[in-house]
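Okay, so here's the structure we're looking at.
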2 protein chains.
Amino acid sequence: MGDCLFSFYSSLAPALPLLYPSPSRQHILAMWGPAVITLLLGANVVSAQTFKRLGGCPTLGCVFPPDQTDFLVGQLFDIRLEVHAPVNGSEAAHGGVPDEKFTFCIQSGKGACKNAAEFFGVKEPALEKWTFSYFEDLFAQDAKTPTVVNVAAKAYRGLKLTTPGTYQARLSYYGNSQTVANWVVRQPAKKRQAKNVLFFIGDGMTQSMITAARLIAHKSINGRYQSLMQMDQMDYLGHQMTHSLDSFITDSANSATALYTGKKASVSALNVYADSSPNSFDDAKLETIAELFRRLIGGPIGMVSTAYIADATPAALCAHTRDRGQSPQIIQEYLNNAVSVNGTISWPTGCDGPDVVFGGGAENFIAGPTSPGGADYYKAFQAKGYDVVYNNTQLQAIGNDKKVLGIFSKSNMAKWVDRHVFPENLKNQKNSPTGDGTDAIDQPGLKEMTIKAIDVLQERQKKKNTGWFMMSEAASIDKMMHVLDYDRALGELLELDDTIRASIAHLKKIGEYENTLIVVTADHGHGFDVFGSADTKYLAAQTDDRKKRSAIGMYESSGLSGYTVAPGSLPTNDTAVFGTEGPNFPVQWNPRYTYAAGFGANPDHRETYAINTKGPRLPATAATAGDNQVNPVDQPNGFIVNGTLPIDEPQGVHSLTDVSVFANGPGAEAFRGVYNNIDIFFKIADALALGSGHV
Amino acid sequence: MGDCLFSFYSSLAPALPLLYPSPSRQHILAMWGPAVITLLLGANVVSAQTFKRLGGCPTLGCVFPPDQTDFLVGQLFDIRLEVHAPVNGSEAAHGGVPDEKFTFCIQSGKGACKNAAEFFGVKEPALEKWTFSYFEDLFAQDAKTPTVVNVAAKAYRGLKLTTPGTYQARLSYYGNSQTVANWVVRQPAKKRQAKNVLFFIGDGMTQSMITAARLIAHKSINGRYQSLMQMDQMDYLGHQMTHSLDSFITDSANSATALYTGKKASVSALNVYADSSPNSFDDAKLETIAELFRRLIGGPIGMVSTAYIADATPAALCAHTRDRGQSPQIIQEYLNNAVSVNGTISWPTGCDGPDVVFGGGAENFIAGPTSPGGADYYKAFQAKGYDVVYNNTQLQAIGNDKKVLGIFSKSNMAKWVDRHVFPENLKNQKNSPTGDGTDAIDQPGLKEMTIKAIDVLQERQKKKNTGWFMMSEAASIDKMMHVLDYDRALGELLELDDTIRASIAHLKKIGEYENTLIVVTADHGHGFDVFGSADTKYLAAQTDDRKKRSAIGMYESSGLSGYTVAPGSLPTNDTAVFGTEGPNFPVQWNPRYTYAAGFGANPDHRETYAINTKGPRLPATAATAGDNQVNPVDQPNGFIVNGTLPIDEPQGVHSLTDVSVFANGPGAEAFRGVYNNIDIFFKIADALALGSGHV
């Protein structure tokens, strides 16, 4: 389900307590992860599974990190091995008894394959055993006939490979079965090019959205834009492929893991390879770019997001769990590293408390059922030396020398459109981050958070001149696309663009622009595109759903953007609603002739193509659990578009498309061209010469 | 309506005579071009028109080329001036009597504004007068209350600006009204970098389609592709913005005009600025890159397309008309230049018969109602020295020294999927290009046509060592996307990629690779994206439309590509259907688990997400004219998706998104970054140093 469930609850019901489903592996599998098995014709058949026994493990012997993994020299990682014995189903074998005598060796280059414990100089790990179940396909799920699998497993913890080159990891089991993983250890660049890294993520942001945002915020004359997006003007352009380890559609946890660790992972997994055990915290961990920057360079780290701060994209900087829904434990890990969460499972590094943590999600800090151990986590951060701020006024007033935790709302933060165009919508939310039941009115935007974060990081790196690393996320591009609230999504995208513009100006002002690698990208897409215009007045005036569709203007009738035109110049009796920011944003958000956009993966919903003035949309609701239908109060003047998704899905879902990468500054040239999301990690590591001389 | 109507008729009814609607301007406007008027608050108000009085002319005084036009030094163009007097409607003024005493001057830099006839050294043109009508909005259209406009006009023909710099063109009318057009004449590069230009257009090809094509044709292991698209591997990546002169959604005529002339134009217009007169051939013309290459360098020109060869993308190389539907006249213009079509209206240049013309569209050559003047146009081409071939065997056998016309089918050519996977679908089409009523079975693909074209052009340039210019179009990416036949569209896209790969290899073989600028791009997008997988077996087994949607696998359940897996490795009882080309194409097209794609702008239709084995889809049909509903014989096992378009639209429509540009070779570096579609013309002109020393 990925982002969807979480963003749904958290973006639309900000005053409600969040749900943090923490099902066991069996439960997850029974709910969401049924699998169909390949007929095993060979040891390395790649199957077209819709459902999987275990991601990244098509055979009965599993090695994580799997085949095709690249490492940075010295990057820390765990190894997880599993041998499966399905008791029933199409793969049933070995009487359901897994081979406990499996062996595992590592071969460097063309050398001999050495026993792994010996190779890494660690003790042979203890054998572990468990059982899990899953469904082989949708028919099995309907028939409630799960397949049961018994497992024998081992894990090696906190390893590293310090010599560049190729390796083979070989798991031998059931006599002559073998699973081979080819690994490459990449040599980092020897010369550090970038002092600082400012990494922007527009969550779910595709090129079609950037194009649409340009249309509504930049005036064109006779087809030529008179100004451009900041992204349009960056020095280097690339595309990244987002295919995940075991599914071609990714979620934000999975993709952030790729961006920050250089490893393909599975949906919902944060910096681990998801195993089949019931424990969400015992999976094979991976060291992130933030952890590496902390451990090897000792510089300050910034984490900024408009989401609740335990959400996947910020969480993936510092947290390690197969279940992105474990928000309290994720917050705990920010402050105290992974070992604090699971005591017995060692992980030798961590973010050690990022220097800047700005976002929403107060419910994980206010003492209560969704804070770590029920404790007041504001106090826990203060006890570790953090200043804590709750609104933009305090944020701007605080000094730059100490670590800062800024939590500005419960759940996700308010959207740009609501903050600037419909401020009434910030009221009656009872989402104050202090938990006092008032409204979080004085929220900073992404721009204010990012500029302040630069100042804090800049100050905190001064003593050792380490430079700094920051991730800044426009989270609600994705969240608003999920609920088909295109206008709010584009508002968030324009705020991101404005933040990049302001950051460049600020870096120039403080003399750090030439030292800073700026990378802007997305983690995945949504199947969104503008296909024409809509005459909202005509559409509303029709009573028949099919006639309403005549309001769509295609091709030459799409006309010109109505969003960049001064009010009063349009033949409309509608109340024009205006932004307050001027350049680089629409001058009105509610013209008579709006853009009409489609969303290729959606629940049942209605469309009027007019902005939702009362707050984010909720396109579909379920009167009967699991049967989402058109929300009766959403866009009541619109026509019905029936969905293309399972009816238990109330939101739009992610898509496959490559996403754009824009980069400026030292090391930016490497971001040209077409590559994998995992390569972003290596390109940033190269710009920082991470691992060179540090192993 | 743009591509839509034409591709609909021509792609789906190949054996039927094509329709070539040639309505008068009044008729066009009454049918498709009603407009809403801005309240004229100022002389240069840019409005949010859905419908337009006249594209590119928001005021009552029109100058074409309009404000914001860039020219190449020496590029030929016409000027059209119009002064409008609306008789009724919201703009009614001047008693419906247009100012016949308007004046027009040109100012170079900061000089004086000189009378235009004097400035260009031509005679003052004669005054022209006409009347047209349009609707101001959809309410007016429903009420059948058109607005009538009287027009006074002039045209200046065959001009050029030979000094780089800025110009102002000023039309003065109605006393103190003025329309100002700012023009820039760009200096071309002085040094020619590229000897040859090979320009590939994937019609309608967005990045989401390239990503989907990669998914089905390139095997991935644990999230990493083991091979890549040729496009992925090109040296330079860019994005181009496709916004047209007067609508933000473009069609293929409009966008090809931008790509080939460097000028923004209107939907349906080929290398002209559409005026309001009834004559489709008197509009202000623009010189194309092909005409410039012919006139200034004297080198051979190639035109290759899988469409009927009078279709917009090939036509825009050489034809000049506001109505892309004028196929016979377009073919006539290929051979005899524009003056042959309209006798009295001079145009001093032309393609002079492209050296290579390869494609479909035999109905415009076989003597009959849709050939120029009813004549046998094969003979007309032969009379001008062309070899004529009708199938791949003849194509491969013909020499390289003479001009060649290759017409391989009536209407659009067969699709890659049908040629390679379902060859039975080529039968019973009665579409032989000879008109003998047999089937066009032996059709070349884009690859065969392009490689042969290279050989002919290479041979024909030898005498003067001029180099050559070729446009090669994968037309049916667009045509198959229009009918929501995603598989066939991706097959066409993969054929394009294979053609680029083969062309690079062939250019290397003949020693021209280092001399050839290769540019690959699209003319516009479609709102397409993959959002998950579909269990086609489960979907077909359900009887309820809402339950069928449960077959969609999202996120982790999207699984892996089923198209790259050897047959027999899947738990399916379906008949696997295999391609015959191997690498870079799917090894099967009909797996149980298919990709599920959405299309954001579609007519009512059904989805099963399984390939259409009997030929291209026809998703919607109209039992009652203008009321398109689900085609009862299309994907009968599927669930219904209701449309988001006016019900008179039987197909999906184009979208807004920027499209990708990939380039290799001399001059290719200029194609990096984000720019306008019109800049492609100037970048190619720069690589050829077109106009430098030639003016």
- A:GLY437 versus (1) part of a helix (DSSP H, G or I); (2) farther than 21 Å from A:VAL357 by Cα: which is the lone unmet condition? (1)
- Task: For residues that are of a type outside the set (A, V, I, L, M, F, W, C), more than 29 Å from the chain's Cα centre (by Cα) and outside any loop (DSSP other than H, G, I, E, B), tally how many sit in the range A:152-166.
- Result: 3
- One residue from B:PRO66, B:PRO58, B:PRO98, B:PRO86 being outside the structural domain of B:PHE682 (by TED's automatic domain parsing) and free of Cβ contacts under 8 Å to residues at least 24 places away in the same chain: B:PRO58
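One line per residue, one yes/no per condition, for (1) in contact (Cβ under 8 Å) with a residue 12 or more places away in the chain; (2) under 27 Å from A:LEU76 (Cβ atoms):
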residue: A:LYS191; (1), (2): yes, yes
residue: A:MET205; (1), (2): yes, no
residue: A:GLN226; (1), (2): no, no
residue: A:LYS263; (1), (2): yes, yes
- Task: Could you identify the single residue in B:GLN187, B:GLN168 that is more than 30 Å from B:VAL520 (Cβ to Cβ) and not acidic (Asp, Glu)?
- Result: B:GLN168
- Within the range A:470-486, is even one residue open to solvent by 10 Å² or more (accessible area, probe 1.4 Å) and out of contact with any Leu (no Cβ under 9 Å at 6 or more places or on another chain)? yes
- Restricting attention to the range B:681-695, the residues that are within 14 Å of chain A (Cβ to nearest Cβ) and either open to solvent by 20 Å² or more (accessible area, probe 1.4 Å) or under 15 Å from the mean Cα position of the chain (by Cα) (or both) number exactly 1
- Message: Just to check your reading of the model, which residue among B:GLU649, B:GLU669 is out of contact with any strand residue (DSSP E or B) (no Cβ under 8 Å at 6 or more places or on another chain) and either part of a loop (DSSP other than H, G, I, E, B) or touching a residue at least 24 places away in the same chain (Cβ under 8 Å) (or both)?
- Response: B:GLU649
- Item | Test: B:ALA169 is crowded, with 17+ Cβ neighbours inside 10 Å and over 28 Å from the mean Cα position of the chain (by Cα) | yes
- the range A:129-164, subset in contact (Cβ under 8 Å) with a residue 40 or more places away in the chain and of a type in the set (Lys, Arg), residue surrounded by the fewest Cβ atoms within 10 Å (Cβ to Cβ): A:LYS160
- Message: Residues that are small (Gly, Ala, Ser) and outside any loop (DSSP other than H, G, I, E, B): does the range A:626-646 have at least one?
- Response: no
- State whether the residues of the range A:381-401 include one that is part of a strand (DSSP E or B), touching a residue at least 40 places away in the same chain (Cβ under 8 Å) and closer than 25 Å to A:LEU198 by Cβ. no
- Item | Subset of the range A:592-628 that is of a type in the set (Ser, Thr, Tyr) and either over 24 Å from B:GLY553 (Cα atoms) or open to solvent by less than 10 Å² (accessible area, probe 1.4 Å) (or both) - its residue that is nearest to the other protein chains (Cβ to nearest Cβ) | A:TYR593
- Item | Inter-residue pairs, beta-carbon under 6 Å, first more than 7 Å from chain B (Cβ to nearest Cβ) and in the range A:546-559, second open to solvent by 10 Å² or more (accessible area, probe 1.4 Å) and part of a helix (DSSP H, G or I), 6+ apart | none
- Note on the structure: Matching residues in the range A:172-219 (of a type in the set (Lys, Arg), surrounded by fewer than 21 Cβ atoms within 10 Å (Cβ to Cβ) and not in a loop (DSSP other than H, G, I, E, B)) number 1
- Query: Of all helices (runs of 4 or more DSSP H) completely enclosed by the range B:245-361, which ones contain at least 1 residues that are modelled with pLDDT under 95 and open to solvent by 10 Å² or more (accessible area, probe 1.4 Å)?
  - Reply: B:327-336, B:339-342
- Within the range A:233-264, work out how many residues are charged (D, E, K, R), touching a His at 6+ places or on another chain (Cβ under 8 Å) and closer than 20 Å to A:LEU493 by Cα. 1
- Task: Kindly indicate which of A:LYS508, A:LYS537, A:LYS452, A:LYS547 is open to solvent by 10 Å² or more (accessible area, probe 1.4 Å), assigned to a helix (DSSP H, G or I) and assigned by TED's automatic domain parsing to the domain that holds A:TYR595.
- Result: A:LYS547
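The values are calculated or read from the model by the stated rules, or taken from the named source; none is laboratory data. Quick caveat: nothing in here was measured; it's all calculated off a predicted structure. Backbone-built Cβ (ideal geometry, glycine too); neighbour counts: all protein chains shown. Heads up: the accessible areas ignore ligands, DNA and RNA and are worked out on the full protein's heavy atoms, side chains in. Shrake-Rupley method; radii C 1.70, N 1.55, O 1.52, S 1.80 Å.
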